[in-house]
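The values are calculated or read from the model by the stated rules, or taken from the named source; none is laboratory data. Keep in mind it's a predicted model, so treat the numbers as computed, not measured. With ideal geometry, Cβ positions are generated from the backbone for all residues, glycine too; neighbour counts draw on all protein chains shown. Heads up: the accessible areas ignore ligands, DNA and RNA and are worked out on the full protein's heavy atoms, side chains in. Shrake-Rupley method; radii C 1.70, N 1.55, O 1.52, S 1.80 Å.
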Amino acid sequence: MFKDLLKTHLFPTSWCPGCGIGGIMAQLAMAMDEMGLNQSNSVVVGGIGCTGRMAGYFNLDSVYTLHGRTLPVAQGIKMVNPSLKVIIISGDGDLASIGGNHLIHALRRNVDLAVLCNNNEVYGLTGGQAGPTTPQGTPTVSSPDGSPYEPLNLQGLLKTGSRYFYARTTVYHQVHLKRCIKEAIQWPGFAFVDIASQCIENNGRRLGFKTGYEMLAMFRDKYKRAPDGVESLAPLEIGLVKRGEEQP
Ligand SMILES: Cc1ncc(C[n+]2csc(CCOP(=O)(O)OP(=O)(O)O)c2C)c(N)n1
Ligand code: SF4
């Protein structure tokens, strides 16, 4: 049972009602259960932020690292025990801002890790400041007149090498989300899943959404599926782009 992989005695979680993170945790636990991953063969590494707390809800060895440091910690675990499946779950700020330097070098080395990025487009835990994925013009607590910068192109960054795995999905598309998670875990190299999800309290309300459900409906209406096998995802497309399936 996937629930055996979770510390359900700690529920309810610390996340706000309507937050997208719980949906990612449920799909990760189900994916792991279906793949036979458990305490004996897997480790979950979380960063700092609302998302990073997920690591502590998994009923297996997990690490709650310093802010931005999931990747070096995960690489160390993988180096010491290459047989382990090492899964990283963290926010866009943790992975792409303070952890951005580790991100470019982990993907350059093509380390065999599955990275799940909860992309809620802000620093959720600290109040909703603009981060590396905040769309230009979006009002945030640190940019009340709209974020002045273009967001980081995560797909473009992930595709700088000759081998890559980049998936984009959303918390609304739960079946697709689980498929992306499973493929990322199976991929024999660095795999990155970019998951659009809702921070209702520190982002959505400022943008006029009343509930987490309204944000989910926005994902349903805005995002379209790309066909399998595409070389690149257009903005607002969900799908997988990958190249080079040989062992790293
Ligand atoms: C070295 C360091 N700098 C800053 C912080 C404050 N801090 C905690 S969480 C966070 C941002 C988290 O944003 P994100 O990674 O997007 O995760 P979310 O909370 O949205 O899930 C920041 C800046 C910290 N804990 N440590
Ligand atoms: S602040 Fe945002 S990201 Fe954090 S738990 Fe609440 S809704 Fe989720």
Quiz item: Which of the lysines could be linked to residue 224 by a straight reach, that is with a Cα gap under 23 Å, when you skip same-chain ones fewer than 8 residues away?
Solution: 159, 178, 182, 242
Quiz item: So what is the 222 nm mean residue ellipticity for the chain from helices alone, if each DSSP H run of at least 4 adds -39500 (n - 2.57) and you divide by all residues, rounding to the nearest 500 deg cm²/dmol?
Solution: -7500 deg cm²/dmol
Exercise. Treating cross-link reach as a plain straight distance, find the aspartates and glutamates whose alpha-carbon is under 16 Å from the alpha-carbon of residue 3, omitting any fewer than eight places away in the same chain.
Key: 33, 34, 61
Self-check item: For region 88-103, Karplus couplings with θ = phi - 60° (6.51, -1.76, 1.60), whole Hz, Gly/Pro x
Solution: 10, 10, 7, x, 5, x, 4, 7, 10, 9, 5, x, x, 5, 5, 4
Exercise. Quick one: which residues, 5+ away or cross-chain, put their amide H under 5 Å from the amide H of residue 147? H built at 1.01 Å from N.
Key: 137, 138, 140
Exercise. Working with all protein chains in place, sort 71, 207 by solvent-accessible area computed with a 1.4 Å probe, largest first.
Key: 207, 71
Self-check item: Solvent accessible area, Å² - residue 8, 1.4 Å probe, full protein context
Solution: 70 Å²
Self-check item: Reachable aspartates and glutamates, given that their alpha-carbon falls under 19 Å from the alpha-carbon of residue 222 and they are not under 8 places away in the same chain
Solution: 121, 194, 214, 237
Quiz item: Are there GluC sites (Glu not before Pro) in region 136-241 that DSSP marks as loop and that have at most 16 other Cβ atoms within 10 Å, and which are they?
Solution: 231
Self-check item: Stretch in the chain that is longest and holds no trypsin sites (Lys or Arg not before Pro) that DSSP places in a loop and that have at most 15 other beta carbons within 10 Å
Solution: 8-209
Self-check item: Length-normalised contact order of the chain in % [C-alpha pairs under 8 Å, at least 6 apart]
Solution: 18 percent
Quiz item: What list of ³J(HN,Hα) values in whole Hz, one per residue of region 175-182 in order, does the Karplus curve 6.51 cos²θ - 1.76 cosθ + 1.60 (θ = phi - 60°) give from phi, with Gly and Pro shown as x?
Solution: 5, 5, 4, 5, 4, 4, 4, 5
Quiz item: Top mean-square fluctuation among 123, 64, 172, Gaussian network model of the chain, C-alpha springs under 10 Å?
Solution: 64
Quiz item: When the Karplus curve 6.51 cos²θ - 1.76 cosθ + 1.60 is applied with θ = phi - 60°, which whole-Hz ³J(HN,Hα) does each residue of region 229-240 get, with x for Gly and Pro?
Solution: x, 5, 8, 7, 9, 6, x, 6, 9, 9, x, 10
Quiz item: Out of residues 5 or more away from residue 6 or on other chains, whose amide H comes under 5 Å of its own, with H placed 1.01 Å from N in the peptide plane?
Solution: 59
Exercise. Starting from the residue with the highest accessible area, list 62, 143, 162 in decreasing order, probe 1.4 Å.
Key: 162, 62, 143
Quiz item: Counting DSSP beta bridges in the chain, what percent are antiparallel, to the nearest 5?
Solution: 25 percent
Quiz item: Over the Cα atoms of the chain, how large are the radius of gyration and the largest Cα-Cα distance (Dmax), in Å?
Solution: 16.7, 50
Quiz item: Label residue 41 and residue 11 with points 7 Å out from Cα along Cα→Cβ: what is the distance between them in nm?
Solution: 2.5 nm
Exercise. Counting only heavy atoms of the protein chains, get the accessible area per residue of region 2-243 (1.4 Å probe) and round it to a whole Å² value.
Key: 43 Å²
